[in-house]
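Taking it in order: structure first as structure tokens, then the write-up.
Nothing in this text is a laboratory measurement; each read-out follows from the coordinates by a stated rule. From a predicted model like this one, the values you see are computed outputs, not experimental measurements. Glycine also receives a Cβ, built like all others from the backbone with ideal geometry; neighbour counts cover every protein chain displayed.
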Amino acid sequence: MISVRQAAMIDDRLEKQYALGHLRPDLNFLPDWNRRSMAFRQAGKCQLDLSYGPGPRDRLDYFPSAEPKSSPTVVFIHGGYWQRGDKSAYSFLAESFVKNGVCFAAINYDFCPGVRMTQIVDQARKAMAWLWHNIDGLGGDREKLSIVGHSAGAHISAMMVTTDWPSFADGLPRDMFKGAILVSGIFDLEPLLSTSNNDQLHLDQAEAFSQSPINHAAGANAPQLIAYGEGETEEFKWQSNRYAAACGSSNARITRQVVPGHHFDVLNELADEHCGFHRRALQFIAALSRN
């Protein structure tokens, strides 16, 4: 329930701009994604629920290509407003990547309000550090890692790109990720303070600032492909465009892409090897591997 105090603080314009419920992912997207994901897990080669930490959601799935040692790997972080979702619903994304010579990993993480945003970001960092240390044992190559995130997952992914990895843990390289594909992300958390989403996120001004990638963009130098759906709200478009501009000002190599469809349609475009967005993503990842 939204408290009377919070309701008085809600900005009606922002509330509408950041609302996604009307797209009904539970009816229009998730059933098909779950079906396709289960079919690929059953038919494809994969290692599921690998533990990167002690918690029940400290788990990741790994889908190798036919020749993983010579292939790049993308690490996918799902969305769900930091409150819901599961990696198992996104295995369908792995199919076309694996078919085209790219290994695919997907992580789970804890949710608000059970944990704070800061804890989610640190948890994701631990997952990335574990994968860097262990992917060679899985058959992959830790020198060819890139990251892909959608919606809240794009926020988390951007925080990974801006992380000072040697300061996070001994032995980690500064350029752990060779690049990132950030799809329909939220990179400035401050507007969420004025929406009902914050009833579950419990952000305050200080945490909204510290956990916003827009405020750390100057530390990002890896190439990034920043995309959003042409049917997104103006606020979601503003989020991506402002983040791209901030990264561009730090001389990071930024590519932008407008994708057909709405906030959830973009993942179907990313999964379909016949779509321009998927081909663009493959080209982007291939270029990273050559650098």
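The table that follows gives values for the structure above.
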{"item": "Net +/- balance of residues flanking SER184 in space, Cβ distance below 10 Å, scoring K and R +1, D and E -1", "result": "-1"}
{"item": "Phi to ³J(HN,Hα) by Karplus 6.51 cos²θ - 1.76 cosθ + 1.60 over the range 271-281, Hz, x for Gly, Pro", "result": "7, 9, 5, 8, 8, x, 5, 5, 4, 5, 5"}
{"item": "Listed residues PHE76, PHE111, PHE63, most fluctuating in the chain (Gaussian network, C-alpha, under 10 Å)", "result": "PHE111"}
{"item": "Amide H contacts of ALA180 (H built 1.01 Å from N, under 5 Å, at least 5 apart or other chain)", "result": "ILE147, GLN224, LEU225"}
{"item": "Net charge, VAL259 excluded, C-beta distance under 10 Å - Lys, Arg +1, Asp, Glu -1", "result": "-3"}
{"item": "Cleavage-rule hits, trypsin sites (Lys or Arg not before Pro), the range 72-103, DSSP coil, Cβ neighbours within 10 Å at most 14", "result": "ARG84"}
{"item": "Long-range amide H partners of ASP110 with built H, under 5 Å", "result": "none"}
{"item": "Computed over the chain: relative contact order in percent, which uses C-alpha pairs under 8 Å that are six or more apart", "result": "18"}
{"item": "Dipole of the chain, positive direction: furthest Cα of SER157, SER70, SER240, with charges on the beta-carbon", "result": "SER70"}
{"item": "DSSP bridge pairs, the chain: antiparallel proportion in percent, nearest 5", "result": "25"}
{"item": "Burial order of peptide ranges 25-36, 137-148 (average beta-carbon count within 10 Å, highest first)", "result": "137-148, 25-36"}
{"item": "For ALA208, net neighbour charge (Lys/Arg +1, Asp/Glu -1) across residues whose Cβ lies under 13 Å away", "result": "-3"}
{"item": "Gain in span if fully extended, MET9 to ARG174, counting 0.36 nm per residue against the direct Cα distance", "result": "55.4 nm"}
{"item": "Estimated FRET transfer efficiency (GLU143, ARG57; beta-carbon r; R0 22 Å; 0.05)", "result": "0.20"}
{"item": "Identified option (computed volume of the Cα convex hull per residue in Å³; candidates [x] 130; [y] 122; [z] 161)", "result": "[y]"}
{"item": "Estimated 222 nm signal from helices in the chain, with DSSP H stretches of n ≥ 4 weighted -39500 (n - 2.57), rounded to 500", "result": "-12000 deg cm²/dmol"}
{"item": "C-alpha center-to-center spacing [the range 213-291, the range 22-67] in angstrom", "result": "22"}
{"item": "Whole-Hz ³J(HN,Hα) from phi, Karplus 6.51 cos²θ - 1.76 cosθ + 1.60, for the range 129-139, glycine and proline x", "result": "5, 4, 5, 4, 6, 10, 5, 4, x, 7, x"}
{"item": "Under Karplus coefficients 6.51, -1.76 and 1.60, residue-wise ³J(HN,Hα) of the range 69-82 in Hz, glycine/proline x", "result": "5, 9, 10, x, 10, 9, 10, 9, 10, 7, x, x, 6, 6"}
